[in-house]
Amino acid sequence: MDRVHDAALDDELITALHARGQRVTLPRLLVHRHLRRAASHVTPEQLHAELAPQLPSLSPATIYGTLDLLDDLGFVRRVSTPRGGTVYDSRVDDHHHIICRSCGRIEDVDAAIDTVAVERAARRAGFRVDHGQLAISGLCADCAARRAEAERA
């Protein structure tokens, strides 16, 4: 079953790369497959650690370059974290994120938010809007419970 899934994912990326006149490489295919199958948001370092055993020649620079390419192609979304890191989300439909400021956990949130006024203001400022998303930071349930417990002690 994975082979069929691999073929479908590969075809999707190959079509997009050929349309842009770019090369199809094994590292690009592996990063794309792995990220699109990920159950959560993934860091470049996690991707490298998980894929390097399959392809020892895979460098962190290749991971970063491929992630930039996949973001440009619209296959993933780059999400900046409050701690200054970046994670990649294979979910590219309209959704938002909640980010725990203590443990760094990131979760997707489905909620309709009217971003028209913000996008209009951005365009007036000369900014070309690709998409909008809201990131809310706070404490996840686990960290909030630990903090409450520590405060009681």
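The values are calculated or read from the model by the stated rules, or taken from the named source; none is laboratory data. Remember, predicted model here, so these are calculated numbers, not experimental data. Don't worry about glycine lacking a Cβ; one is built from the backbone with ideal geometry, like all the others, and counts go over all protein chains shown. Surface accessibility is based on the protein's heavy atoms, side chains included, excluding ligands, DNA and RNA. Shrake-Rupley method; radii C 1.70, N 1.55, O 1.52, S 1.80 Å.
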How many angstrom lie between the C-alpha centres of the range 11-84 and the range 135-153?
33 Å
Averaging sequence separations of C-alpha pairs under 8 Å and six or more residues apart, then dividing by the length of the range 3-124, give the relative contact order as a whole percent.
18 percent
Can you compute 3J(HN,Hα) from phi for each residue in the range 108-122, using the Karplus curve 6.51 cos²θ - 1.76 cosθ + 1.60 with θ = phi - 60°, rounded to whole Hz and x for Gly and Pro?
7, 10, 9, 7, 6, 10, 7, 9, 4, 5, 5, 5, 4, 5, 5
Helix 60-73 vs. the chain, principal-axis angle (Cα, 0 to 90°, nearest 10)
90 degrees
Of the residues 132, 121, 104, the Cα lying farthest along the dipole of the range 100-153 towards its positive end, which is defined by charges on the beta carbon of Lys, Arg, Asp and Glu, belongs to 121
Report ³J(HN,Hα) in whole Hz for each residue of the range 33-42, in order, from the Karplus equation J = 6.51 cos²θ - 1.76 cosθ + 1.60 where θ = phi - 60°; Gly and Pro get x.
4, 5, 5, 5, 8, 4, 7, 9, 6, 10
Would you list the P(r) distribution for the range 54-153, with all Cα-Cα distances sorted into 5 Å bins from 0 and each bin expressed as a whole %?
2, 10, 15, 16, 19, 14, 9, 7, 5, 2, 0
What percentages make up the Cα-Cα pair-distance distribution of the range 1-119 when the bins are 10 Å wide from 0?
12, 41, 33, 13, 1
Exposure of residue 5 as accessible area (Å², to 10), given a probe of 1.4 Å and all protein chains:
80 Å²
Given a Förster distance of 22 angstrom, what is the FRET efficiency for residue 95 paired with residue 39, based on the Cβ-Cβ distance and rounded to 0.05?
0.90
